[in-house]
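**Student:** A single structure is presented below for examination.
The values are calculated or read from the model by the stated rules, or taken from the named source; none is laboratory data. Since we're looking at a predicted model, the values are computed, not measured. A quick note on method: Cβ atoms are made from the backbone with ideal geometry, for glycine too, and the neighbour counts reach across all protein chains shown. These accessible areas exclude ligands, DNA and RNA; they are computed on the full protein's heavy atoms, side chains included. Shrake-Rupley method; radii C 1.70, N 1.55, O 1.52, S 1.80 Å.
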Amino acid sequence: MSEKIKHGLAAGAAPQRADWTIDQGWSQYTADEHAVWETLFNRQTQLLPGLACDAFVHGMQNLPLSADRIPDFVELSQVLRQHTGWEVVAVPGLVPDEVFFDHLAHRRFPAGNFIRKPHELDYLEEPDVFHDVFGHVPMLMNPVMADFIQAYGHAGLRAKQIGKLTELARVYWYTVEFGLVRQAEGLRIYGAGIASSFSESSFAVQSDSPNRMGFELERVMRTRYRIDDFQESYFVLNALQDLLELANIEFAPYYARLDSGLSYQPGDVLAADTVLHRGTGSYHRTKLQK
């Protein structure tokens, strides 16, 4: 499967509005769809204590999120706006890059309004309402993450114009989607792709298989990632506040350097890396042998 970020255009999709937003259609969710949310919500909230970072936990506690129903985006947005000025807008699925970035640049988080089927509980390629809301929205209650994702939206619009989306997408992937952060108690999850995944939540923090390395921007921008399976490497922030520095980065010098030099495979470990845990690679090696 080719490397891409998950905000790319869905095949055959057509917008109802110029900004691709739609009505969430909350009243149209079925009992079966609410039941899928309940299953996903309950197993993640039982799993994440001791794995998710404090900011994620605090965000969950202060949002109108519960097991019994899919969240109403209007209610979520009312709380988000009071805390960080963000809102959640419904979209039909994946949207064009420039639409995605424009929403982020204006503190609007585009979330799919559909939910996966019961047989898709453990993996869904296209992000649904559980990934987008349960995974992302709690961190949008944190001022640091709120500022960083808005800055990423502005950076994405510039990168789109100069053909550097591949490199910038890797920053989003290894932070917002699959980032880990140090806390006094140990490594913790802040990335939505991990926080919304039952199987990857424990894998990312507890398994001996993946590499866990200190975050270094140019290294990350040169590193491919997996979209079809668990990550082979996770990049770790010393603190969430490190995202404030990233939010103010001038990417042009990085893009210039990236025009030459190497790119790295997801499982590569370099001599210059700050290695917190050198993975055994057993998970992916076993899968290759099957």
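**Student:** Return the long-range amide H neighbours of Phe109 (sequence gap of 5 or more, or a different chain), with a cut-off of under 5 Å between placed amide H atoms.
**Tutor:** Those qualifying (amide H under 5 Å, at least 5 residues apart or on another chain) are Glu87, Val88, Val89.
**Student:** Follow-up. Quick one: grab the alpha carbon gyration tensor of region 58-129, order the square roots of its eigenvalues as a ≥ b ≥ c, and give me rounded if a/c is under 1.5, else prolate or oblate depending on whether a/b is larger than b/c. Display every interim value, and only then the final one.
**Tutor:** Numbers: a/c = 2.34, a/b = 1.10, b/c = 2.12.
Note, shape of region 58-129 comes out oblate.
**Student:** Quickly estimate the mean residue ellipticity at 222 nm for the chain, helices only: each DSSP H run with n ≥ 4 gives -39500 (n - 2.57), and the total goes over all residues, rounded to 500.
**Tutor:** Details: 13 runs with 116 residues, N = 290.
Dividing the helical sum by the residues of the chain leaves -11000 deg cm²/dmol.
**Student:** Further, regarding this structure: Take the chain, connect every pair of alpha-carbon atoms lying under 10 Å apart with a spring to form a Gaussian network, then pick out the residue of Ala159, Ala272, Ala192 with the largest mean-square fluctuation.
**Tutor:** Per the Cα network of the chain with a 10 Å cutoff, Ala272 tops the list.
**Student:** Need one number: nm distance between label points at Thr45 and Gln78, each 7 Å from Cα along Cα→Cβ, rounded to one decimal.
**Tutor:** 1.9
**Student:** Rounded if a/c is under 1.5, else prolate if a/b is larger than b/c, else oblate: which is region 134-290, with a ≥ b ≥ c the root eigenvalues of its Cα gyration tensor?
**Tutor:** Details: a/c = 1.68, a/b = 1.22, b/c = 1.38.
Cα axes put region 134-290 in the oblate bin.
**Student:** What are the ³J(HN,Hα) couplings of region 97-107, residue after residue, when phi is run through the Karplus curve with 6.51, -1.76, 1.60 and θ = phi - 60°? Round to Hz, x for glycine and proline.
**Tutor:** 3, 5, 5, 4, 5, 5, 4, 4, 4, 10, 6
**Student:** For region 161-275, what is the percent of antiparallel DSSP beta bridges, rounded to the nearest 5?
**Tutor:** Working: 5 of 12 bridges.
Rounded to the nearest five, the antiparallel share is 40 percent.
**Student:** Using a ≥ b ≥ c from the Cα gyration tensor of region 85-202 (square roots of the eigenvalues), is it rounded, prolate or oblate, where a/c under 1.5 gives rounded and otherwise the larger of a/b and b/c decides, a/b for prolate?
**Tutor:** On the way: a/c = 1.57, a/b = 1.17, b/c = 1.35.
Verdict is oblate for region 85-202.
**Student:** Under the Karplus relation 6.51 cos²θ - 1.76 cosθ + 1.60, θ = phi - 60°, what is the ordered set of whole-Hz ³J(HN,Hα) values for region 147-162, x standing for Gly and Pro?
**Tutor:** Once rounded to whole Hz, the list reads 5, 5, 5, 5, 4, 5, x, 5, 5, x, 4, 6, 5, 4, 5, 10.
**Student:** Ok, one more. What is the count of Lys pairs in the chain whose alpha carbons sit under 24 Å apart, if the two are 8 or more places apart or on different chains?
**Tutor:** On the way: Lys4/Lys117; Lys4/Lys160; Lys4/Lys164; Lys4/Lys287; Lys6/Lys117; Lys6/Lys160; Lys6/Lys164; Lys6/Lys287.
Within the chain, the lysine pair count is 8.
**Student:** Another question about this same structure. Summing Lys, Arg as +1 and Asp, Glu as -1, what charge do residues with Cβ under 13 Å from the Cβ of Ala52 carry, Ala52 excluded? Present the calculation step by step, with values, prior to reporting the outcome.
**Tutor:** Working: positive: Arg188; negative: Asp54, Glu185, Glu200.
That works out to -2.
**Student:** In square angstrom, what is the accessible area per residue of the chain with a 1.4 angstrom probe?
**Tutor:** Working: 12890 Å² over 290 residues.
That works out to 44 Å² per residue.
**Student:** Let's see if you can work this out: charge +1 on each Lys and Arg Cβ, -1 on each Asp and Glu Cβ, no other charges. What is the dipole magnitude of region 64-112 about its Cα centre, in debye to the nearest 20?
**Tutor:** Magnitude of the dipole: close to 140 debye.
**Student:** Given a Förster radius of 30 Å and the C-beta distance between Asn62 and Gln161 as r, what FRET efficiency does 1/(1 + (r/R0)^6) yield to the nearest 0.05?
**Tutor:** Values: r = 37 Å, r/R0 = 1.23.
With a Förster radius of 30 Å, E is 0.20.
**Student:** What is the calculated FRET efficiency for Glu126 to Ala271, with r their C-beta to C-beta distance and R₀ = 35 Å, to the nearest 0.05? Don't jump to the answer; show the numbers that get you there.
**Tutor:** On the way: r = 38 Å, r/R0 = 1.08.
Efficiency computed from Cβ-Cβ geometry: 0.40.
**Student:** Show the residues, 5+ positions off or on another chain, whose built amide H is closer than 5 Å to the amide H of Tyr264.
**Tutor:** Thr223, Arg224
**Student:** Taking every DSSP beta bridge that has both residues in the chain, what percent is antiparallel when rounded to the nearest 5?
**Tutor:** Numbers: 7 of 20 bridges.
Close to 35 percent.
**Student:** Let me ask you something else. Using the crude model of +1 on Lys and Arg Cβ and -1 on Asp and Glu Cβ, and no other charge, please compute the dipole size for region 116-208 relative to its Cα centre, in debye to 20.
**Tutor:** 400
**Student:** Tyr283 to Ala252: extension gain in nm, 0.36 nm per residue of separation minus the Cα-Cα distance? Kindly include the intermediate steps, with their values, before the conclusion.
**Tutor:** Values: separation 31, 0.36 × 31 = 11.16 nm, distance 3.69 nm.
So the extension gain works out to 7.5 nm.
**Student:** Here's something else I'd like to know. Just to verify a number: FRET efficiency for His154 and Gln241, C-beta to C-beta distance, R0 = 22 Å, to 0.05?
**Tutor:** Values: r = 20 Å, r/R0 = 0.90.
E between His154 and Gln241, to the nearest 0.05, is 0.65.
**Student:** I want to verify a result. In a Gaussian network model of the chain, Cα cutoff 10 Å, which of these has the top mean-square fluctuation: Ile249, Ile149, Ile115?
**Tutor:** Ile249
**Student:** At what distance in angstrom do the alpha carbon centres of region 58-110 and region 123-142 lie from each other?
**Tutor:** 9
**Student:** Residues with amide H under 5 Å of Ala52's amide H, sequence separation 5 or more or different chain, H placed in the peptide plane at 1.01 Å from N; which?
**Tutor:** Those lying under 5 Å, H to H, from Ala52 are Ile189.
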